[in-house]
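Asker: Pasting a structure here, questions to come.
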Amino acid sequence: MTLNLYHGGTRLGQPLSQSVKAIQAAKADIVGLQETENQDDDSSVQLAKMLKWHHFVQGGRTSVISRYPIVGHTPNKWGVHIKLPTGIVVHAYNVHFHYVPYQPYQFARIPYGDFPFITTEKEAIHWANEARGDQVSRMLSELKASLKSGTVCFLTGDFNEPSHQDWTERVAEQGRIPMKVAYPTTRR
């Protein structure tokens, strides 16, 4: 499961117990968390305690919590090693890619940061790569190494980019998006 806590999960006045209920309702075993910071501390620590789960802070306001023991991590902490009850170790990767510029806002002419409005697929791909391309490459270098070793891997996160599978010609013809865009992150 992936869960963006939106500034620690309490910013809108809800108690952190609401996030616990969501995790329990989903029957998740592993959760990648984004935006873990709140006014006082890191909410991922509290969530893990409330659930009586294992916890790993990745840095950059991201963490992984798990019902099962976290027994290691990848060199740059993009992923953690989790030992399942069967003894098998899986790798869970969790990301929170950069949020600006956000191409749907650029298309919709919604000011968000000091970035230009765009009108073409080529521009959308360019700005997506500018915003997130380096992070994606760094994460993939670790993920590909795990996959090459034959390890079962999971990827969770807030990509801050639409999927190329959603921004299709068919959806554009229905008028729900301005045009087809082969967004790069989910294609890599």
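The values are calculated or read from the model by the stated rules, or taken from the named source; none is laboratory data. From a predicted model like this one, the values you see are computed outputs, not experimental measurements. Neighbour counts are summed over all protein chains in view; Cβ atoms, including those assigned to glycine, are modelled from backbone coordinates with ideal geometry.
Asker: So LYS144 passes all but one of these: (1) farther than 16 Å from ASN76 by Cβ; (2) free of Cβ contacts under 8 Å to residues at least 24 places away in the same chain; (3) not acidic (Asp, Glu). Which condition number does it fail?
Answerer: (1)
Asker: So, one more: Under 7 Å between Cβ atoms, at least 6 apart or on separate chains: pull out the pairs that start in the range 17-38 with a residue that is under 17 Å from LEU155 (Cα atoms) and end on any residue that is basic (Lys, Arg).
Answerer: Qualifying pairs under 7 Å: ASP29/ARG67; GLN34/ARG61; GLU35/ARG61.
Asker: Take the residues in the range 1-19 that are out of contact with any helix residue (DSSP H, G or I) (no Cβ under 6 Å at 6 or more places or on another chain) and assigned to a loop (DSSP other than H, G, I, E, B), then tell me which one is nearest to VAL95 (Cα to Cα).
Answerer: Among residues in the range 1-19 that are out of contact with any helix residue (DSSP H, G or I) (no Cβ under 6 Å at 6 or more places or on another chain) and assigned to a loop (DSSP other than H, G, I, E, B), the one nearest to VAL95 (Cα to Cα) is TYR6.
Asker: Would you mind telling me which numbered condition in (1) surrounded by 17 or more Cβ atoms within 10 Å (Cβ to Cβ); (2) on the phi > 0 side of the Ramachandran plot PRO162 fails?
Answerer: With (1) surrounded by 17 or more Cβ atoms within 10 Å (Cβ to Cβ); (2) on the phi > 0 side of the Ramachandran plot applied to PRO162, the lone miss is (2).
Asker: Follow-up question, since we're still on this one. In the range 67-76, how many are buried (at least 17 other Cβ atoms within 10 Å of the Cβ) and within 21 Å of PHE159 (Cα to Cα)?
Answerer: Within the range 67-76, residues that are buried (at least 17 other Cβ atoms within 10 Å of the Cβ) and within 21 Å of PHE159 (Cα to Cα) number 2.
Asker: From the residues in the range 81-107 that are in the same structural domain as ILE177 (by TED's automatic domain parsing) and free of Cβ contacts under 8 Å to residues at least 24 places away in the same chain, which one is surrounded by the most Cβ atoms within 10 Å (Cβ to Cβ)?
Answerer: Restricting to residues being in the same structural domain as ILE177 (by TED's automatic domain parsing) and free of Cβ contacts under 8 Å to residues at least 24 places away in the same chain, the top hit is GLN106.
Asker: Identify, please: which residue in the range 29-41 is of a type in the set (D, E, K, R) and either more than 14 Å from the chain's Cα centre (by Cα) or not in a loop (DSSP other than H, G, I, E, B) (or both) and is, among those, surrounded by the fewest Cβ atoms within 10 Å (Cβ to Cβ)?
Answerer: Here the residue is ASP40.
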